[in-house]
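Please read the structure below before turning to the comments.
The values are calculated or read from the model by the stated rules, or taken from the named source; none is laboratory data. Just so you know, these numbers come straight off a predicted model, no measurement behind them. For neighbour counting, all protein chains shown are included, and Cβ atoms are generated from backbone atoms with ideal geometry for every residue, glycine included. SASA here: full protein model, heavy atoms, side chains in, ligands and nucleic acids out. Shrake-Rupley method; radii C 1.70, N 1.55, O 1.52, S 1.80 Å.
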Amino acid sequence: MDRTPLGIVLNGVTGRMGLRQHLIRSILAIRSDGGLPLRDGTVLWPEPVLVGRSEAKLRTLAEQHGLTDWTTDLAGALARPDVQIYFDAQVTSARVKALHAAIEAGKHIYTEKPVAESLAEAVELARKADAAGIKHGVVQDKLFLPGLQKLHRLVRGGFFGRVLSVRGEFGYWVFEGDWQGAQRPSWNYRSADGGGITLDMFPHWHYVLEQIFGPVNTVTARSVTHIDRRWDESGEPYAATADDAVYGLFELEGGVIAQINSSWAVRVNRDELVEFQVDGTHGSAVAGLHHCRIQPRAGTPKPVWDPDVPTAQRFREQWQEVPDNEVFVNGFRAQWEQFLRYVAEDGPYTGDLWAGARGVQVAELGLQSSREGRRLEIPGLGR
Ligand SMILES: NC(=O)c1ccc[n+]([C@@H]2O[C@H](COP(=O)([O-])OP(=O)(O)OC[C@H]3O[C@@H](n4cnc5c(N)ncnc54)[C@H](O)[C@@H]3O)[C@@H](O)[C@H]2O)c1
C-alpha cells in the first residue's frame, strides 16, 4: 500500500503530556498500527521530529522508542521542507513564541491548550494563522472521553428534554511535595510560569460546554490559592502563587446553568476524577471519564424530606449504565487522527485556534470575575 510520509515536529515530548499522550499513545500508536488509512486508499505515515531543550533527554527518549530524528534546534526543524505540522506540548509560557515561529515557517499547527496566557496573544495567533492560510487545531481531549462521548450521544438523541443544569466536579489532592512527592509539575503552581487551575481547566470546560450544550454567554468565578507553599521537583520549598481551585458558574444559550468546581486541593469522593451531572426535564445523567449513568423521568424516585428517619433509598443504585455500543480509542489519538485527516484530505475539524482563543477568553474573564467579584458577559471574538 502507498505510504505518504508526513513530517511532524513534536516540541515538548519530554513532558508529561507530550510523551505519554501525544508521542506514545497517539503518533507511535498510529505507526504501530500501520499508519493512518486515508479515503483515497493510501496510508498516511507520521514521521516525528522530536524537538526539545536537552540533547541528553531527547537522545535517550528517541533511543527508547526506536526514533532517530531529534534536535534542539527548533528553527532548523521548522525550516525543513519535509515537515508539514508543528505540534506544541511545551509549558504554557513557552508556547506563543514557538507558535509564531511555526506560522512564519508556513507549517500547519496543532497545539496543547491553553494556546496562550492572554486573550490578546491567542487572537493574534489565530489571525496570523488564518492570514498565512495554514490549518490549525487545539487539543480538546475531554470531548473524546468515553463518558463524555456517551453524554454527547444522550444530548443528540434528545434524552434530556430541555437541559436545565450541568454540575461538574473536577479534581483530586495534589501533594504539596514535602512528605510525598507532588504528582504534577511545580510550574502549575507558580503564576509567573503560566500556572493556575483557571487557565488550565476553564479552556477545557469551555469547549465541553460549547460543543455539547451550546454557546457560553457569561462567567462568574472565584479563583483561590488554598495551599500557598509547596515543594518543587528538587525538594526545594517555593511560594505557590497560582490559583489551585476555581469555583465557576456559567450561563449558556437557552438558559442552561453550568456550575463547575475545579480543584487540586480536594479529596476524591466520587467514582471518577471528573464527573458532570446533567439534569433535564425528561431525564438526568452523570458522566465521568469512562462511565455514564442515567435516570429517566419515568424512573425518578420521589424522596420526601424527613430528618427524623434515616433514608432507606439507595439513590446511587437507582441509575442505569449507558452502554458503550462502540469502541472508544484513546482521546488524544482520536483527535490526532482527525487533525491529520484535516491536513491530508481536508476532513472535518472544529477545534481551531479561534476555539482555543475562546477558551483562553473564558479563563481570563474568570480570573477577572474573581478579582472583581462580579458576573461577566463573554463577548464574541472579532476576527
Ligand atoms: N490536554 C490536557 O488534558 C492537558 C493536561 C495537562 C497539561 N496540559 C498542557 O500541556 C502542556 C504541558 O504540560 P505538562 O503537564 O506536560 O508539563 P511538563 O512540565 O511535564 O512538560 C513541559 C514540557 O515543556 C518543556 N519546556 C519548554 N520550555 C520550558 C521551560 N521554559 N520550562 C520548563 N519546561 C519547558 C519541557 O522540557 C517539557 O518537555 C501545558 O501547556 C498544559 O497546560 C494539557
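Annotation for the stretch 215-248 versus the stretch 349-365: alpha-carbon center distance of 21 Å.
Computed over the chain, the per-residue total of -39500 (n - 2.57) for DSSP H runs of n ≥ 4 gives a 222 nm mean residue ellipticity of -8500 deg cm²/dmol, rounded to 500. Taken about its Cα centre, the chain carries a charge dipole of about 500 debye when Lys and Arg each add +1 at the Cβ and Asp and Glu each add -1 at the Cβ. Once the mean of 1/r is taken over each pair of separate Cα atoms and inverted, the stretch 224-383 shows a Kirkwood hydrodynamic radius of 20.5 Å. Charged side chains reduced to their Cβ positions (Lys and Arg at +1, Asp and Glu at -1) give the stretch 1-99 a dipole of some 420 debye around its Cα centre.
Sparsely packed loop sites in the stretch 206-315 (the trypsin sites (Lys or Arg not before Pro) outside DSSP H, G, I, E and B with at most 12 other Cβ atoms within 10 Å) comprise ARG267, ARG314. A dipole drawn for the chain from +1 and -1 charges on Cβ atoms has a positive end, and of TYR238, TRP45, VAL309 the residue lying farthest that way is VAL309. Please state the shape class of the stretch 118-203: rounded when a/c is under 1.5, otherwise prolate if a/b exceeds b/c and oblate if not, all from the C-alpha gyration tensor. Here the stretch 118-203 falls in the oblate category.
Which GluC sites (Glu not before Pro) does the stretch 222-287 hold that lie in a coil by DSSP with at most 15 other beta carbons within 10 Å? Counting only loop positions with at most 15 other Cβ atoms within 10 Å, the GluC sites (Glu not before Pro) in the stretch 222-287 are GLU233. When both bridge partners sit in the chain, DSSP labels roughly 60% of those beta bridges antiparallel. Oblate is the label for the stretch 28-107, because a/c, from the alpha-carbon gyration tensor with a ≥ b ≥ c as root eigenvalues, is 1.5 or above and a/b does not exceed b/c.
Which of rounded, prolate or oblate describes the stretch 251-327 when judged by the alpha-carbon gyration tensor and an a/c cut-off of 1.5? Cα axes put the stretch 251-327 in the rounded bin.
Computed on protein heavy atoms with a 1.4 Å probe, the accessible areas place TRP45, TRP231, TRP205, TRP179 in the order TRP179, TRP231, TRP45, TRP205, largest first. The angle between the Cα long axis of helix 331-345 and the longest principal axis of the Cα atoms of the chain comes to about 50 degrees, rounded to the nearest 10.
Using every pair of distinct Cα positions in the chain, the Kirkwood expression returns a hydrodynamic radius of 22.3 angstrom. Placing pseudo-labels 7 Å out from each Cα toward the beta carbon at VAL329 and ARG229 gives an inter-label distance of 4.9 nm.
Expressed per residue, the C-alpha convex hull volume of the stretch 141-266 stands at 107 Å³.
For GLU321 and PHE175, a Förster radius of 25 Å and the Cβ-Cβ distance give a FRET efficiency of 0.15, rounded to the nearest 0.05. Here the stretch 267-345 is assigned +1 on the Cβ of each Lys and Arg and -1 on the Cβ of each Asp and Glu. Its dipole about the Cα centre then comes out at about 100 debye.
All C-alpha pair distances within the stretch 41-182, sorted into 10 Å bins from zero, spread as 9, 26, 28, 25, 10, 1 percent across the bins. Ordering GLY181, VAL155, PHE170 by the projection of their Cα atoms onto the charge dipole of the stretch 151-262, which places +1 on the Cβ of Lys and Arg and -1 on the Cβ of Asp and Glu, puts VAL155 at the extreme positive end. Applying the criteria of a DSSP loop state and at most 13 other Cβ atoms within 10 Å to the trypsin sites (Lys or Arg not before Pro) of the stretch 1-100 yields ARG39, ARG53. At an R0 of 41 angstrom, the distance between the Cβ atoms of ALA101 and LEU376 translates into a FRET efficiency of 0.80. Full extension of the segment from ASN261 to ASP130, taken as 0.36 nm per residue of separation minus the current Cα-Cα distance, would add 43.7 nm.
A dipole drawn for the stretch 1-151 from +1 and -1 charges on Cβ atoms has a positive end, and of LEU145, ALA98, VAL115 the residue lying farthest that way is LEU145.
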